1. Among the strands (runs of 3 or more DSSP E) contained in the range 32-121, which hold 3 or more residues that are buried (at least 16 other Cβ atoms within 10 Å of the Cβ)?
2. Is it the case, given these coordinates, that LEU11 is at pLDDT below 60 and in contact with a Lys or Arg (Cβ under 9 Å, 6 or more places away or on another chain)?
3. Taking ALA58, is it touching a strand residue (DSSP E or B) at 6+ places or on another chain (Cβ under 6 Å) and modelled with pLDDT of 95 or more?
Amino acid sequence: MPRPPLFKKSLIAVAFALTALPGAAFARPQLVAANPAANASVAKPTRLTLGFSEALQADHSSITLTMTGMPGMADHPPMPIKGFTTAAAADGKGLVITLPRALPTGSYDLQWTVMGNDHQPVSGTYSFKVR
């Protein structure tokens, strides 16, 4: 016995809704903008900014900044940069890192960890150079 057309349409709608839910439930903040950008070479910055795809819980977000190379020092050990402040961006979707002084010439790794509204931490790393 064939099923009524309305029943088939209802099944299709339910199936579609169920496949859409996991994507929404597992959404995570993604880095969508950074200054300096990944692999960029910039003049001595005093401020770094990270922009994400969704609102962050700023009190559960952090960065680690490490100098990984310095001109003229082939065996420069990684050196953590300290003394900066991290604040939420005005729109709640980013972080603003204010440095106490301009970064010296060298190469850097910036590691970030943020938490969105799903309470799951997300991390990433990128590198840039200061000229």
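1. Values: elements: 47-52, 62-69, 85-88, 94-98, 106-115.
Of the strands (runs of 3 or more DSSP E) lying wholly inside the range 32-121, those with at least 3 residues that are buried (at least 16 other Cβ atoms within 10 Å of the Cβ) span 47-52, 62-69, 94-98, 106-115.
2. Working: at pLDDT below 60: yes; in contact with a Lys or Arg (Cβ under 9 Å, 6 or more places away or on another chain): yes.
Yes: the conditions hold for LEU11.
3. no
The values are calculated or read from the model by the stated rules, or taken from the named source; none is laboratory data. Because the structure is predicted, anything quoted here is derived from the model rather than measured. Note that each Cβ is placed from the backbone with ideal geometry, even for glycine, and that neighbours are counted across all protein chains shown.
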